[in-house]
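If you scroll down you'll find the structure; I have some questions about it.
The values are calculated or read from the model by the stated rules, or taken from the named source; none is laboratory data. Small disclaimer: the values here were computed from a predicted structure and weren't measured. Methodologically, a virtual Cβ is constructed for each residue, glycine included, from the backbone with ideal geometry; neighbour enumeration extends over all protein chains shown.
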Amino acid sequence: GAVVSQHPSWVICKSGTSVKIECRSLDFQATTMFWYRQFPKQSLMLMATSNEGSKATYEQGVEKDKFLINHASLTLSTLTVTSAHPEDSSFYICSARDPSYGADTQYFGPGTRLTVL
Amino acid sequence: QKEVEQNSGPLSVPEGAIASLNCTYSDRGSQSFFWYRQYSGKSPELIMSIYSNGDKEDGRFTAQLNKASQYVSLLIRDSRPSDSATYLCAPNKGLNSGNTPLVFGKGTRLSVIA
């Protein structure tokens, strides 16, 4: 299957700082990537859809000014958590579809565990 | 009605038994269906996809789809302790829907007892 990578795999930061998470499609081009968040023992919650060259589409209840998404190329999308607070501590996972495997098959990155102190 | 419903479990089965995981979905327009496995602390990994009514087998895994009943299931034969994980069902609204994200249920936690 297609490979999606994320960096960093984990990050610890102080409250009020900003954290950037990168998501890359390694062997395919992804015009669309998806960002999910998962709190402990909870289900995956879609945060936003990242579109290459245009603005991201955010799900209801997700603050676009707090979670900045940039999809500047066909292989890279970034999620920046601005002014992070302890309640933002979560597991952030990106996902993308590889058209060569069937455009509806969605592959996930390994995730980034964010801890805000 | 929730888009995807799964019994959260835990579903406990003895090693070597068949584990049966069930999922119902609300959108009749769903064309393809995916099962993902998620180990604790890890991201989901794709196990199987199914597009047509009936059964699809891949090794120890069999996916079953009944679009009329809006029901999809996953059978795991010869269950192993390493199968212990949360299994996520995800219907997809249409083929080639590259811009539409998958929506997941809460998943079913499976525990295979040695």
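Name the residue, out of B:LEU11, B:LEU21, that is at pLDDT 95 or above, over 17 Å from B:ASN66 (Cβ atoms) and not aromatic (Phe, Trp, Tyr). Explain how you work it out, then say what you get.
On the way: B:LEU21 fails: over 17 Å from B:ASN66 (Cβ atoms).
Of the residues listed, the single one that is at pLDDT 95 or above, over 17 Å from B:ASN66 (Cβ atoms) and not aromatic (Phe, Trp, Tyr) is B:LEU11.
Looking at the range A:80-113 only, could you name the residues that are crowded, with 20+ Cβ neighbours inside 10 Å and assigned to a strand (DSSP E or B)?
Hits for the range A:80-113 are A:VAL81, A:SER90, A:TYR92, A:ILE93, A:CYS94, A:SER95, A:ALA96, A:ARG97, A:GLN106, A:TYR107, A:PHE108, A:THR112.
For the range B:15-33, check the following and say yes or no: at least one residue is in contact with a strand residue (DSSP E or B) (Cβ under 9 Å, 6 or more places away or on another chain), within 14 Å of chain A (Cβ to nearest Cβ), hydroxyl-bearing (Ser, Thr, Tyr) and in contact (Cβ under 8 Å) with a residue 60 or more places away in the chain.
Yes, some residue in the range B:15-33 is in contact with a strand residue (DSSP E or B) (Cβ under 9 Å, 6 or more places away or on another chain), within 14 Å of chain A (Cβ to nearest Cβ), hydroxyl-bearing (Ser, Thr, Tyr) and in contact (Cβ under 8 Å) with a residue 60 or more places away in the chain.
Restricting to the range A:1-22, name every residue that is outside any strand (DSSP E or B) and basic (Lys, Arg). So that I can check it myself, show each step before the final result.
The initial filter retains those residues of the range A:1-22 that are outside any strand (DSSP E or B), namely A:1-3, A:8-9, A:14-18.
Passing the criteria: only A:LYS14.
If I filter the range B:48-61 down to residues being more than 11 Å from chain A (Cβ to nearest Cβ) and in contact with a Lys or Arg (Cβ under 7 Å, 6 or more places away or on another chain), which single residue comes out as surrounded by the fewest Cβ atoms within 10 Å (Cβ to Cβ)?
Restricting attention to the range B:48-61, the residues satisfying the condition of being more than 11 Å from chain A (Cβ to nearest Cβ) are B:50, B:52-61.
Within this subset, residues satisfying the condition of being in contact with a Lys or Arg (Cβ under 7 Å, 6 or more places away or on another chain) are B:50, B:53, B:60.
Values: B:ILE50: 20, B:ASN53: 11, B:ARG60: 14.
Of everything passing the filter in the range B:48-61, B:ASN53 is surrounded by the fewest Cβ atoms within 10 Å (Cβ to Cβ).
If I ask for residues that are among the polar types (S, T, N, Q) and within 19 Å of B:GLY107 (Cβ to Cβ), which ones from the range B:8-36 would you list?
Of all residues in the range B:8-36, those among the polar types (S, T, N, Q) come to B:8, B:12, B:20, B:22, B:24, B:26, B:30-32.
Listed by number, the residues that qualify are B:SER8, B:SER12, B:SER20, B:ASN22, B:THR24, B:SER26, B:SER30, B:SER32.
Residues checked against (1) basic (Lys, Arg); (2) free of Cβ contacts under 8 Å to residues at least 12 places away in the same chain; (3) within 12 Å of another protein chain (Cβ to nearest Cβ); (4) touching a strand residue (DSSP E or B) at 6+ places or on another chain (Cβ under 7 Å):
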{"position": "A:SER83", "(1), (2), (3), (4)": "no, no, no, no"}
{"position": "A:ASP88", "(1), (2), (3), (4)": "no, no, no, yes"}
{"position": "A:PHE91", "(1), (2), (3), (4)": "no, no, yes, yes"}
{"position": "A:ASP98", "(1), (2), (3), (4)": "no, no, yes, yes"}
{"position": "A:TYR107", "(1), (2), (3), (4)": "no, no, yes, yes"}
{"position": "A:THR115", "(1), (2), (3), (4)": "no, no, no, yes"}
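Among A:SER77, A:SER25, A:SER54, which is the only one that is more than 9 Å from every other protein chain (Cβ to nearest Cβ), crowded, with 21+ Cβ neighbours inside 10 Å, without any contact (Cβ under 8 Å) to a residue 60 or more places away in the chain and farther than 30 Å from B:GLY9 by Cβ?
Details: A:SER25 fails: without any contact (Cβ under 8 Å) to a residue 60 or more places away in the chain; A:SER54 fails: crowded, with 21+ Cβ neighbours inside 10 Å.
Just one listed residue meets the conditions, A:SER77.
Additional query: Look at B:SER73 and say whether it is of a type in the set (Ser, Thr, Tyr), in a strand (DSSP E or B), away from chain A (no Cβ under 14 Å) and touching a Pro at 6+ places or on another chain (Cβ under 7 Å). It would help to see each step written out before you state the result.
Details: of a type in the set (Ser, Thr, Tyr): yes; in a strand (DSSP E or B): yes; away from chain A (no Cβ under 14 Å): yes; touching a Pro at 6+ places or on another chain (Cβ under 7 Å): no.
No: the conditions fail for B:SER73.
What strands (runs of 3 or more DSSP E) lie completely within the range B:10-62 and have 3 or more residues being within 11 Å of the chain's Cα centre (by Cα)?
Details: elements: B:11-14, B:19-25, B:32-38, B:45-50, B:54-58.
Once the strands (runs of 3 or more DSSP E) in the range B:10-62 are filtered for at least 3 residues that are within 11 Å of the chain's Cα centre (by Cα), what remains is B:19-25, B:32-38, B:45-50.
Separate question: Answer yes or no as to whether B:SER49 is closer than 24 Å to A:TYR58 by Cα and out of contact with any Pro (no Cβ under 8 Å at 6 or more places or on another chain). Write out each step before concluding.
Details: closer than 24 Å to A:TYR58 by Cα: no; out of contact with any Pro (no Cβ under 8 Å at 6 or more places or on another chain): yes.
Taking the combined requirement at face value, the residue does not satisfy it.
Determine if the range A:21-33 includes at least one residue that is within 21 Å of B:SER43 (Cα to Cα), at pLDDT below 95 and touching a Cys at 6+ places or on another chain (Cβ under 8 Å).
Looking through the range A:21-33, at least one residue is within 21 Å of B:SER43 (Cα to Cα), at pLDDT below 95 and touching a Cys at 6+ places or on another chain (Cβ under 8 Å).
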